[in-house]
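The values are calculated or read from the model by the stated rules, or taken from the named source; none is laboratory data. Small disclaimer: the values here were computed from a predicted structure and weren't measured. Glycine also receives a Cβ, built like all others from the backbone with ideal geometry; neighbour counts cover every protein chain displayed.
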Amino acid sequence: MSPIELGGIVALVLILALLSGMPVAFALAGVAMLFMVLFNGLHGLNVVADTLFAGLNEFALLSIPMFILMGAAIASSRAGSDLYEALERWFHRVPGGLVLSNIGACSIFAALSGSSPATCAAIGKMGIPEMQKRGYPSSLATGAIAAGGTLGILIPPSITMIVYGIATETSIGRLFLAGILPGLMLTGLFMAWSLYYAHRYGTAIQKNTEGYTWRERFEILPKILPFLAIIVMVLWALYGGVATPSEAAGVGALFSLTLVVVIYKVWRGSELWAILKTSTRESVMIMLIIGAAALFSYMMSSLYITQGLAEWIAGMEMNKWLLLAAINVLLLLAGLFLPPVAVILMTTPTLLPIIIAAGFDPIWFGVMLTINMEIGLITPPVGLNLYVINSIAPDVKLQTVLKGALPFMLLMVLGILLLTLFPGIATWLPDYMMGPQR
């Protein structure tokens, strides 16, 4: 049996395991051990413990639970509501300013929390009813929040970028910088479309007649500026050579917890326990997937599937742009059914050598991959953000939410095309701040 045929069988078995409802980590580990036993006998399992440990024996992995704790602390407070209210007070006189406030709040809160569902819930609970009350179409109100929430996996600090950096052994600092301009680009595209849609179809939009005094605008800033300062502090620590990603994440988590206690009085034992419980559960889930993916990658390599697939694709002598298009389609399809972390860990061991051989920058490819994962978050059947929006706005049909999210999906595809034509959007800032890659 050729490596390509064997790889097809492995992929089919894995898909069946995932469709059965088995958790991603158990599916990856189970399929890996099954094929190791089939081809190497029971003694093939002797390497399981060592391989799992090796997959988790990475200092940079410490940043993941710390950033998750940072996000859980912020998501447990009223920071999202205050952020939304602050932007509304400053943009209420701008035509269509309410939808701009929502997208802006989503992009900032998503960067703070690192969680798309948490962003949708925190900003959407206030933003969607307010936009509906002022005449914005329900499809726009829900679609803008669903899409805005996805920006958290692109704008640093990003758990997805950390996982990609560890999986590909690329600089996490460079990846963080590479996500800034594309994140701002997508935010700008989302805002431009929302303004056009609001003025083209939202003919009944009402302006906020209350108005806000300068005092009201400034009085809310002390609640949100410290949290924004955390992002600046984490990035400064990373790029100023002060701390490693893990150390910066630890400091960010500590300051986030402190600010939540001081500003929002979240100090009761039950409240702090809920934050720790949530962050621990998410961290363990991601760590299990990382360890299982390491075992799965070992199985694929030991059976020569990964190398055989890479050689087969290289032998096709496919045009590199056609190859990139095929890879984007593959990632998009995978993102429809699996969480971003699982897709990265399952695909990068095979795709990265192909990408590098084709002459593409792995940092740039990390941004492309992340945008594909963003599309998956607002695309059925497993578009998590769609169901979060539907749960917090039950009066809006899921079909309406999907209709509103569709233009934003197309804007993300446009973003991928722009990055393909102008890769400097992703690579210029890392090269400028950290010097060209060697």
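Details
- Of all residues in segment 1-54, those satisfying the criterion of being among the small types (Gly, Ala, Ser) and not in a helix (DSSP H, G or I) are Ser2, Ser20, Gly21, Gly41.
- Restricting attention to segment 371-414, the residues being in contact with a Ser or Thr (Cβ under 7 Å, 6 or more places away or on another chain) and not hydrophobic (A, V, I, L, M, F, W, C) number 5.
- Tyr136 vs. criteria within 23 Å of Leu411 (Cβ to Cβ) and in a loop (DSSP other than H, G, I, E, B): yes
- Flag if Thr370 is surrounded by fewer than 20 Cβ atoms within 10 Å (Cβ to Cβ) and under 17 Å from the mean Cα position of the chain (by Cα): no
- Only one of the numbered conditions (1) touching a helix residue (DSSP H, G or I) at 6+ places or on another chain (Cβ under 7 Å); (2) surrounded by fewer than 19 Cβ atoms within 10 Å (Cβ to Cβ); (3) assigned to a helix (DSSP H, G or I) is not met by Leu322, and that is (1).
- One residue alone among Leu345, Leu352 is farther than 20 Å from Gly152 by Cα, touching a helix residue (DSSP H, G or I) at 6+ places or on another chain (Cβ under 7 Å) and part of a helix (DSSP H, G or I), and that residue is Leu352.
- Residue identified as touching a Lys or Arg at 6+ places or on another chain (Cβ under 9 Å) and surrounded by 21 or more Cβ atoms within 10 Å (Cβ to Cβ) among Ile392, Ile363, Ile378: Ile363
- Taken together, Asn385, Asn372 contain a single residue that is in contact with a helix residue (DSSP H, G or I) (Cβ under 7 Å, 6 or more places away or on another chain) and over 18 Å from Ala325 (Cα atoms), which is Asn385.
- A search for C-beta distances below 6 Å between a residue of segment 361-372 that is touching a residue at least 40 places away in the same chain (Cβ under 8 Å) and any residue that is in a loop (DSSP other than H, G, I, E, B) and buried (at least 24 other Cβ atoms within 10 Å of the Cβ), counting only pairs 6+ apart in sequence or on different chains, returns Thr370/Leu154.
- The listed residue being touching a helix residue (DSSP H, G or I) at 6+ places or on another chain (Cβ under 9 Å) and within 30 Å of Phe109 (Cα to Cα), out of Ala29, Ala73, Ala54: Ala73
- Among the residues listed as Ser246, Ser297, Ser302, the single one being modelled with pLDDT under 85 and under 30 Å from Gly435 (Cα atoms): Ser246
- Tally of residues being in contact (Cβ under 8 Å) with a residue 40 or more places away in the chain and more than 20 Å from Ile363 (Cα to Cα) across segment 147-197: 11
- One residue from Leu45, Leu83, Leu140 being farther than 29 Å from Pro245 by Cβ, crowded, with 23+ Cβ neighbours inside 10 Å and over 18 Å from the mean Cα position of the chain (by Cα): Leu140
- Residues located in segment 395-411, provided they are surrounded by 22 or more Cβ atoms within 10 Å (Cβ to Cβ) and not hydrophobic (A, V, I, L, M, F, W, C): Gly404
- Residue selected from segment 257-271 under the condition in a loop (DSSP other than H, G, I, E, B) and not aromatic (Phe, Trp, Tyr), by the criterion surrounded by the most Cβ atoms within 10 Å (Cβ to Cβ): Val266
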